[in-house]
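Notes for the one structure printed next.
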Amino acid sequence: MTDADGNAWRRRSVLAVVPPARARKLAKVPFVELADGRLQGVVSSGSDIERVYVSSLVAGTHAYHCSTNNNRPCGGLRGAPCKHLEALADEAVLQYGVDRVARYLRVDAGDGVGSGTDLLARMDTRHEPTPAAVVFSRFLRHLAYLELPDSTTALPELHWFPATGAVR
């Protein structure tokens, strides 16, 4: 279904999803997004299976923060980004590609940048506490959709959500 301008896709409520730049393993970083002017996500604890960290890096200012889902600061924040932030940045590069992440964070990727950790090394970062609740809440909402039974019935709250296989 195409109009004279070839813009029928603009009137649809679904858009094609941009596939990941490379495959990711979701066990370490189950949730990563470029949203709200930040690279943000949820990172699993390396020592406690029941603990997760909410990590974020602000675009432009490169202010970072990492805390547990109940706002306890990460013990690895000692004047530099912790290993959770490095894992988040590395997974963002896998999900979105180094160029897109660098553009979003407003950092010069230049030559020799192949990972999120490389990008972090090029930034003048500083610690600035930010609340974890919004990011963690979005993560939990995404998990809830995974628990729904398979169905072809539309979910009203997801009418805006990009669907795979949509025609442009």
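The values are calculated or read from the model by the stated rules, or taken from the named source; none is laboratory data. Just so we're clear, the structure is a prediction, and the values are computed from it rather than from any experiment. All Cβ positions, glycine included, derive from the backbone under ideal geometry; neighbour counts span all protein chains shown.
Some points to look at:
- Those strands (runs of 3 or more DSSP E) of the range 35-109 in which at least 3 residues are within 23 Å of ARG24 (Cα to Cα) and touching a Leu at 6+ places or on another chain (Cβ under 6 Å), considering only elements entirely within it, cover 38-44.
- Within the range 110-122, restricting attention to residues that are part of a helix (DSSP H, G or I) and either touching a His at 6+ places or on another chain (Cβ under 6 Å) or among the small types (Gly, Ala, Ser) (or both), the residue that is modelled with the highest pLDDT is ALA121.
- When restricted to residues that are among the charged types (D, E, K, R) and surrounded by 20 or more Cβ atoms within 10 Å (Cβ to Cβ), the range 26-79 contains 1.
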